[in-house]
Each structure stands twice: as structure tokens, then as C-alpha cells.
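For reference, the structure discussed in these notes is given below.
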Amino acid sequence: MPTLNEYLLMSGLLFSIGLAGVLLRGNIIIILMSLEMMLSAANLALVSFWRFGGGGGLPSDSYSPQVMVFFVITVAAAEVAVGLAIIVALFRSRQTVEIHELSSMKG
Amino acid sequence: MSLGFLVLFLPLIASAITLLVSRRRAMLSSYISTASALICLLITVSLIQNGDNKELGSFNWIQVGDFQLNIALELTGLGKGMLLVVTLIGFLVHLFSIGYMKEDSGMARYFGGLSLFMFSMTGIVLANNLAMMFIFWELVGVSSYLLIGHWYHKHSAAEAAKKAFLVNRIGDFGFMIGILLIWGAFGSVNFAEISNSLSVNKYDQNLLNWAMVCIFCGAIGKSAQVPLHVWLPDAMEGPTPVSALIHAATMVAAGVFMLTKVLFIIEVAPVAASLIQYVGALTALLAALMATQQDDIKKVLAYSTLSQLGYMIMAVGFAGYLYNGETLGEKASNAGFFHLYTHAFFKALLFLGSGAIIYACHHEQNIWKMGGLLKRMKITSITFLIGTAALCGVFPLSGFFSKDAVMAAAQNNPLLLSIGCFVAFLTSFYMTRLCVIVFFGKSKSWSAEEAKEVPIIMLLPLIVLSFGAIFAGYSFSYDWFVSYDKIIHPKGALPLMLSLIGLSGVLMGVFLYKGRTSEPCNIKVLKNKFYLDEIYLIIVRISQEFIAKFAKVIDRVFIDGFFVRGGAKLVSEVGSKLRGIQSGNLQGYAFLFAIGVILVLFIINSLIG
Amino acid sequence: MVIICRNPVSSALSLVISFLGLAALFITLNAYFIGIIQILVYTGAVMVLFLFIIMLLDIKADNTNDWNIPAIVGTVIVVFLLVSQLVSVLHAFKAGSQPMTVLPDSYSSNDVKSIGLEIFTNYNFHLQILGVLLLVATIGVVILSRRQSKETEEN
């Protein structure tokens, strides 16, 4: 049976992969997707904590972690929607999705 | 209000009135000033007749803890003679100036300065403690500056006034250190208290020597001894009555007077006393040598003053001379003061006489342009010749007695005695040179041809002074101040020898200069005052440049570069480096976020353990 | 796969697969509701939206061959540091190294009902806020995606 640590490690790895994606890629859509992955990693951590009840053992009585995950998913969805809308508007004006060309806040 | 305070402050009031109120009314100012001088003279005579007075009046000026500084007046011993000299010659100079400065536009300012000088000088004479004397010492320097620079728009006069003040200041610095040393040693600066405690307690010999040397510095500056003598010849740029009053009779004598006041310290500081003797002798010698080659009548008289001052200082220095285990003490210093007293009369006479000559020759000062004035200005010439004779020490005149007294003080030191005799020879020589060229022979220029006798108001002081020059040496006048026994007497053939030396000087002068129209022997070194002025200029310039360079380095590199510019540079460098963070690069920002998160984790990790 | 692929469509599809895996993980953790929600919302809506946008903007595959060295170096460093810290923390977390306990049969995992109960009672206010948030997001999206057509019409 897997331990809590394994789940947490998994969550951490997912998070790191997402972080790597944000730092590496130049396409803003890919960056957004990696961001989503990071959020999901956080969800995984939350649920595993609920299941293990803080250590080994039965799941906790209160369902608060699951409620929180619910909220996180919702907010993530809203954020993706708005972000993509912004990207569409940007694309219309700059004709590119490459972040180095998009950034005009230099200096 | 006691008489003492009156004689002190009356000239100050007169000066204030002339300088502040009656600036435009020249004649009125001159009368006010002269009247104040006359009143002071009368008060002085009455004070002297009252005998020694230690407490003429005092008021508490500063009180800091235990230390109390009074403005207190005393009139003792030699002070009486000094005060008489100051007020009498002061009054006569005032009279003379009314005539001499008649056409001058700054006459009121001049008389204001004269009254200010009278106030300061009286303060020095009447002071009963060193600190008060120092205050008036400085005031005298200020008045001298104002009066020398009276014709301030003339560049050389302004420079001379500055030089006088600065050189004086150097001496005063030493003086101040000496006063502080005395105060530290004795706990008081009052003359009477110091003298009492000196006779009672034993003090460290080194301390006394150093204190005396430092105090002597003040005298070096004020009485223009070598090496601080350079201001006196240049001070001749001032009006001639100023030269008569300040630089012949009174201010320069203040140094000698101060030394007689601290006589009790000189007596117990033999090293300092020797220094004083040698400095005096050196000054006398150098000044006499320089005087033999000067062409300006006032410059000759200035160097002559320097030389005579050397005599006085030397004599006072001999007060500390140990002879058979006891010091010469008061006898020697009285000799010095005696010479000061007589010198005041005949030197003032000579200066005023030269002033009359200059006035008559339409402000011509070069002796080679004068000549044959005996025929044209009888009274002036005769008084001048009387003054010269007194200066050279011719027998029945006052100078004979005082010079003998000075030589007598030096008679135990063969070197200084021979220097003194040589200087006497030179004195007769250059004075004869002066008289021969100016008064005898043919007139050498138009202005000398046109010379005629000066007005009576200028002649009167000359006549009065000539009486003083003749009779001041006699004991009946001198006994007012100090008994004739208390002056050291020359031994054996000394008076005769001195007279012979003087005579030979006269003969040499006549021989060399009779009938000449230009200088036969040109000794460049003497004429250029041993190049001392140039040497001083170089020294000052070198030290100033060094200090300036040093200061510049500190300022530019250290303060400016390091603190001011360095600070600004630091801020701007850091700012521009930090600016790179705002790259507008999204991934850069994300990178920094991640680094921050890692750091936070690390810190929490290490905190929790 | 997500972060490596040149073609963004491939990236998106890889992300879909990741999310599916994640949902499976949730199921193993007995969080059934969350797992289903994950598939419904995340993969079903969000990723589909992503794909729509990729196709809308016609984003080509990234064909440049140059390696962005500073970014790669920075990334490696950061990831490495992060993972190492994570490992060290977890190593010290003794409580987490116990294996998962098997749920007894009597455990009623009616999580939908429980979650619903929690949301509508304890976290009621938060739910309302969330609703407002969604509303705002919707309005924002509508506004942002309007074409600048008014100017051309006026001309």
C-alpha cells in the first residue's frame, strides 16, 4: 500500500514538472497549461492529506479538504477562461504567442 | 568714577564720537581728539604725583568658577613713566597732526584711530594682569593696522597694514601660550599675585624658562625684534605722525614695558634671559647695518628705532644675568626702561621733524632729493639735529645717559658689549649720513628748493620734544619714577669710550658723505634688508602650497570621491543592477519566484530542524 | 510530455492524459467525487477550451532549434533544488511513512452527500463568493473577446 509520503512526492514531482514548463517554454499557451498542472498537483496533495488523516490512519472526519479541492478546481477553471480570453485579445493585436515578443515591459 | 578709569576711557569716548558722529567735520574731530589727549595728560600728571597706586579701580569682567578676570588698573613704578610718555607724546602728536593732516580727506577717521590707539595703549600701561594686558595688546595691534592703512587705496599701504597685523599676530600667539603657561603654573594672571607666589614657592625651572620664552614672543612681535621685525619698515607707509607715535615712542615700546612688568619671572629664568639678550643684540646689529643703506628718510628712522629697541630689550634681558650668584635684576631693567623713556622723546622728535621736512618738500621722502634744508627750515633743522645728537649719545643730552646705562647692563658680557659699541658707531654713522645729505650741501631737487618753514602748530611739538630730548635724562625728571640709584651705572672708562666711538662715527659719516649727490657705496645686501622679506615669502609660499595640496587631496579624493561621489555612485550602481531584474521577461520573473519559494522552504526547514 | 513537445496540440493532449492519471489517483484515495469532477471539469471543459483556442489561433509547432541555455540551466537548478528539498522534508516526515490503512467495510463513503453538506452549511458564504467569481469571469471573457468592430463600423 502506498504511503502518504509517496503521494506527496508524486504531488511534488508534478509541481516541479509544471514549474519547469513555465520556465522553459516560450509559448504562452503551454505556460498556461503547465500552470494548470501545478494547480492539480496541489489538489493531489490536499486529497492525500484528507485520506491519510494527517498521518497514517483513517480519513479525517471533516470533508474540508475535499471542499477546498472543489473550490480550487472551480477557480482554476475560471482563471483559465479569463487567461485564454486575454491571450486571444493579445494575439489579435500582436499576432504572436511567443512571450519574448509579447513582453513590452522591459526595464 | 575714578581718575584711572577716566584716563582709560576718555580716548575711547573721543574715538567713538569722531568715528560715529562727526565723520564729516574734520576739524571738529581733530579738536575733540586732541582735547581728550590733553585731558589725559593732565590727569596723568596728577596721578603720578600721588605716588604708587596699586588699585586705581577694577571691575569684575569674567568669573568662571574660581577664575576671576578683572579689568583692573594699577599704576606702579615704571608704569608711571610709561603713562607720562604715552600721554605727553600722544598729545604732541595730536597737535602735530592737526597741521600735517590738514588737507587729508580722511582726517576724522585718522583722529578716531589715534584716539583708539591712545585708549589701547593706556590700557596696556594700566593693566594689572596679563589677560587684560593681552586684550589691550591686541587692540593696539588693531589701531596700528587702522592707522598704517589710513591711505587704504594705496596698495602698498594696505599691504603694509596687513603685514604689520599678521606678524604681530604671530608674536601674540606665543604670548598667549605664555600666558596660559603662567596661569597653569601660578593659578593667576595678576602681576602682584604672581610676583608674591614666586618669592614664596619654588617652581620648576624648565616651566619658567618656557613660559618666559613664550611671553617674550609677544615682545618680539610687538617690539619688532628679529625675526619678526619685517613689519616695522613697511609700517612707514602710514602718515608720519602715526610713525612718530606708534612706531617710535609707544607701541613698539610696549614690548619692553611688558617685559619690565614680568621682571620677576625673567630674574628666575636665566635661559630665557639669555635668549632675550641675544635677540636684542642681534636686532640692534642687523637693523643698524640695514639703516646705513636706506634712501627714504622714514626708513632710516625706522631701522634706527629697531636698533634702539634692540638695545632696550637687551638691557632688560640682562635682568636675568647671574653675576656672582645674584641677578642684576631691577637695575638692568631700569636701564632698559630709561633708554625707552629718553628714546621716546628724541625718536618722536626725529619722526615729527622728518614729517615736517616731508610736508615742506611736498611729500618727497627720498633723501637724495633733499639738501640744504638748514638754510631754509631753521627751527626744524635745529630740533632735528638736537634729536640726532641725543640719539648718538652726545654728552649732555639725554641719550648719553640712557645709552651708557644700557651698555653698563651689558658690561659683563664682552661679546654683547662689543656688539653694542659697534652699533653705537653705526648709529652715529648713519644718522650723520642722513643729516649731511638732508640739511647741508646744495638742494638736489625742485621740491627741496621750494621748502619753507612749517606752520607753528607743527613746530610747537618739535620744540617741546627737543626740550624733552635734552633734559629727560636728568635725575630730577627721572626720579619721579625710579630712583637714579636703581639704575645700573657704567664702570670705569665706558662712558668715555662710547663718546669716542660716537665721535668717530660722526667723522666717518661726514667724510664719506660730505658734498655727495648720490650714494658712494652700494652694499646690495644691506639695502635689500638681508633679503629677509623674500625669504619669508618663500617660506610662506612653500608651507601654504604644501598644506593646500594636502587639503586638496583630502578633499578631492577622500571626502569628495569617497563620501559624496562614492555614495551617489554606490546608489546608482546598485540601482542599475537592480534594474536588470525588471526585465519584462516572464520567465525571469517566474524564476525569481521559484528561487524565493525554495529559500522560504529552506529557512522553514532549518528552523524546524 | 507536456512540457517537451514542440507541437502545442501534442502538449495539450498529453496534459489530458496527465489529468486522467490524476483522476485515477484520486479514486485510489477514495475521493470519488473529486476524481469525477476532475475529469468533468478539467479534462472535459478546460482542456477542450485549450484545444479550441489553439486551433482558433492556429498556433504552429515551435520549429526553432535553438536551445535557450540560460533558461534550461535555471530550470534545472530550480527543479533540482526543489526536489531535493522535498525529498529531505519527506524523509523527516515520519508520520507519513506508514502505509495507507485499509478502509473497513462499514465505512460509508457517501462523499457527494458529505461534501454537499459541508459546502452548503459551513462554507456557504464561500460558495456564494465563488458564484460571483464565476459570474465576473464570464463577463470578463465576453468583454475581452469582443472584436474592435465598432471603429470599423463607424468608418
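The values are calculated or read from the model by the stated rules, or taken from the named source; none is laboratory data. Predicted, not measured: the structure shown is a model, and the values here were computed from it. Cβ atoms come from the backbone with ideal geometry, glycine included; neighbour counts cover every protein chain shown.
Counting just the residues of region C:127-145 that are within 9 Å of another protein chain (Cβ to nearest Cβ) and exposed (fewer than 13 other Cβ atoms within 10 Å of the Cβ), which one comes out modelled with the highest pLDDT?
Start the filter on region C:127-145 by keeping residues that are within 9 Å of another protein chain (Cβ to nearest Cβ), which leaves C:127, C:130, C:133-134, C:136-138, C:140-145.
The next check asks that each one be exposed (fewer than 13 other Cβ atoms within 10 Å of the Cβ); those that pass are C:136, C:142-143.
Numbers: C:Val136: 93, C:Val142: 90, C:Ile143: 89.
Per the criteria, the residue is C:Val136.
Do you know which residues across region B:107-159 are of a type in the set (Ser, Thr, Tyr), more than 22 Å from B:Met258 (Cα to Cα) and either in a helix (DSSP H, G or I) or in contact (Cβ under 8 Å) with a residue 40 or more places away in the chain (or both)? I'd like the intermediate steps shown before the answer.
Our first condition is that a residue be of a type in the set (Ser, Thr, Tyr); within region B:107-159, this holds for B:110, B:115, B:120, B:122, B:143-145, B:152, B:156.
Within this subset, residues satisfying the condition of being more than 22 Å from B:Met258 (Cα to Cα) are B:110, B:152, B:156.
Answer for region B:107-159, where residues must be of a type in the set (Ser, Thr, Tyr), more than 22 Å from B:Met258 (Cα to Cα) and either in a helix (DSSP H, G or I) or in contact (Cβ under 8 Å) with a residue 40 or more places away in the chain (or both): B:Tyr110, B:Ser156.
Given the structure, is B:Gly372 over 29 Å from B:Cys217 (Cα atoms) and out of contact with any helix residue (DSSP H, G or I) (no Cβ under 6 Å at 6 or more places or on another chain)?
On the way: over 29 Å from B:Cys217 (Cα atoms): yes; out of contact with any helix residue (DSSP H, G or I) (no Cβ under 6 Å at 6 or more places or on another chain): yes.
Here the answer is yes, as B:Gly372 does meet what is asked.
Condition (residue is out of contact with any Gly (no Cβ under 9 Å at 6 or more places or on another chain), assigned to a helix (DSSP H, G or I) and modelled with pLDDT of 75 or more) applied to region B:516-530: is it met by at least one residue? So that I can check it myself, show each step before the final result.
Step one: list which residues in region B:516-530 are out of contact with any Gly (no Cβ under 9 Å at 6 or more places or on another chain), which gives B:518-530.
Then keep just the ones that are assigned to a helix (DSSP H, G or I); that gives B:524-527, B:529-530.
Then keep just the ones that are modelled with pLDDT of 75 or more; that gives none.
Checked against the condition, which is being out of contact with any Gly (no Cβ under 9 Å at 6 or more places or on another chain), assigned to a helix (DSSP H, G or I) and modelled with pLDDT of 75 or more, region B:516-530 yields no hits at all.
Tally time: how many residues in region B:380-425 are over 30 Å from B:Ile358 (Cα atoms) and not in a helix (DSSP H, G or I)? Spell out how you get there, then give the answer.
Taking region B:380-425 and keeping what is over 30 Å from B:Ile358 (Cα atoms), we get B:401, B:404-422.
Keeping just the survivors that are not in a helix (DSSP H, G or I) gives B:410-413.
Total satisfying the criteria: 4.
Taking B:Tyr321 as the residue in question, decide whether it is surrounded by fewer than 24 Cβ atoms within 10 Å (Cβ to Cβ) and at pLDDT 85 or above.
Details: surrounded by fewer than 24 Cβ atoms within 10 Å (Cβ to Cβ): yes; at pLDDT 85 or above: no.
Against the criterion (surrounded by fewer than 24 Cβ atoms within 10 Å (Cβ to Cβ) and at pLDDT 85 or above), B:Tyr321 does not qualify.
Of (1) within 17 Å of the chain's Cα centre (by Cα); (2) at pLDDT below 85, B:Lys298 satisfies all except one. Which?
(2)
Could you check region B:95-138 and list, in sequence order, the residues that are within 30 Å of B:Arg25 (Cα to Cα) and among the polar types (S, T, N, Q)?
Selection gives B:Ser97, B:Ser105, B:Ser115, B:Ser120, B:Thr122.
If you go through region B:68-86 one residue at a time, do you hit one that is within 17 Å of B:Ile246 (Cα to Cα) and β-branched (Val, Ile, Thr)?
Within region B:68-86, the first condition is being within 17 Å of B:Ile246 (Cα to Cα), and the residues that meet it are B:81-86.
Checking the rest, the ones that are also β-branched (Val, Ile, Thr) come to B:85-86.
Yes, region B:68-86 has at least one match.
Quick one: A:Gly53 ticks every box in (1) more than 7 Å from chain C (Cβ to nearest Cβ); (2) more than 27 Å from C:Ile27 (Cβ to Cβ); (3) surrounded by fewer than 17 Cβ atoms within 10 Å (Cβ to Cβ) bar one, so which box is it?
(2)
In region B:390-407, how many residues are surrounded by fewer than 24 Cβ atoms within 10 Å (Cβ to Cβ) and aliphatic (A, V, I, L, M)?
Result for region B:390-407: 1.
Quick check on region A:3-23. Is at least one of its residues facing chain C (nearest Cβ under 7 Å), polar (S, T, N, Q) and closer than 28 Å to C:Cys5 by Cβ?
yes
Taking the options A:Ile30, A:Ile73, name whichever one is closer than 22 Å to C:Ala31 by Cβ and either touching a strand residue (DSSP E or B) at 6+ places or on another chain (Cβ under 6 Å) or crowded, with 19+ Cβ neighbours inside 10 Å (or both). Reasoning before the result, please.
Working: A:Ile30 fails: closer than 22 Å to C:Ala31 by Cβ.
Step by step, each of A:Ile30, A:Ile73 is checked, and only A:Ile73 is closer than 22 Å to C:Ala31 by Cβ and either touching a strand residue (DSSP E or B) at 6+ places or on another chain (Cβ under 6 Å) or crowded, with 19+ Cβ neighbours inside 10 Å (or both).
On the basis of being more than 14 Å from chain A (Cβ to nearest Cβ), under 28 Å from C:His91 (Cβ atoms), part of a helix (DSSP H, G or I) and not aromatic (Phe, Trp, Tyr), does B:Leu592 make the cut?
Values: more than 14 Å from chain A (Cβ to nearest Cβ): no; under 28 Å from C:His91 (Cβ atoms): yes; part of a helix (DSSP H, G or I): yes; not aromatic (Phe, Trp, Tyr): yes.
In short, no.
Mind checking which helices (runs of 4 or more DSSP H) fall wholly inside region C:1-93 and carry at least 1 residues that are in contact with a Leu (Cβ under 7 Å, 6 or more places away or on another chain), touching a residue at least 24 places away in the same chain (Cβ under 8 Å) and of a type in the set (A, V, I, L, M)? Before the answer, list the steps.
Values: elements: C:8-28, C:32-37, C:48-57, C:69-92.
Result: C:8-28.
I need the full set of residues from region A:1-15 which are small (Gly, Ala, Ser) and surrounded by 22 or more Cβ atoms within 10 Å (Cβ to Cβ), in order please. Can you show your working first?
Of region A:1-15, the ones small (Gly, Ala, Ser) are A:11-12.
If the condition is that a residue be small (Gly, Ala, Ser) and surrounded by 22 or more Cβ atoms within 10 Å (Cβ to Cβ), then A:Ser11 is the only one that fits.
Quick check on A:Val97: is it in contact (Cβ under 8 Å) with a residue 24 or more places away in the chain, closer than 20 Å to C:Ile119 by Cβ and within 7 Å of another protein chain (Cβ to nearest Cβ)? Break it down into steps so the answer makes sense when it comes.
Details: in contact (Cβ under 8 Å) with a residue 24 or more places away in the chain: yes; closer than 20 Å to C:Ile119 by Cβ: no; within 7 Å of another protein chain (Cβ to nearest Cβ): yes.
Considered against the rule, which asks whether it is in contact (Cβ under 8 Å) with a residue 24 or more places away in the chain, closer than 20 Å to C:Ile119 by Cβ and within 7 Å of another protein chain (Cβ to nearest Cβ), A:Val97 comes out as no.
Looking at region B:176-208, which of the residues that are within 26 Å of B:Leu306 (Cβ to Cβ) and not small (Gly, Ala, Ser) is nearest to the chain's Cα centre (by Cα)?
Of region B:176-208, the ones within 26 Å of B:Leu306 (Cβ to Cβ) are B:176-179.
Subset that is not small (Gly, Ala, Ser): B:176-177, B:179.
Values: B:Met176: 16, B:Ile177: 18, B:Ile179: 18 Å.
In this case the residue turns out to be B:Met176.
Residues in region B:435-449: is at least one in a helix (DSSP H, G or I), under 21 Å from B:Ser307 (Cα atoms) and modelled with pLDDT of 85 or more?
yes
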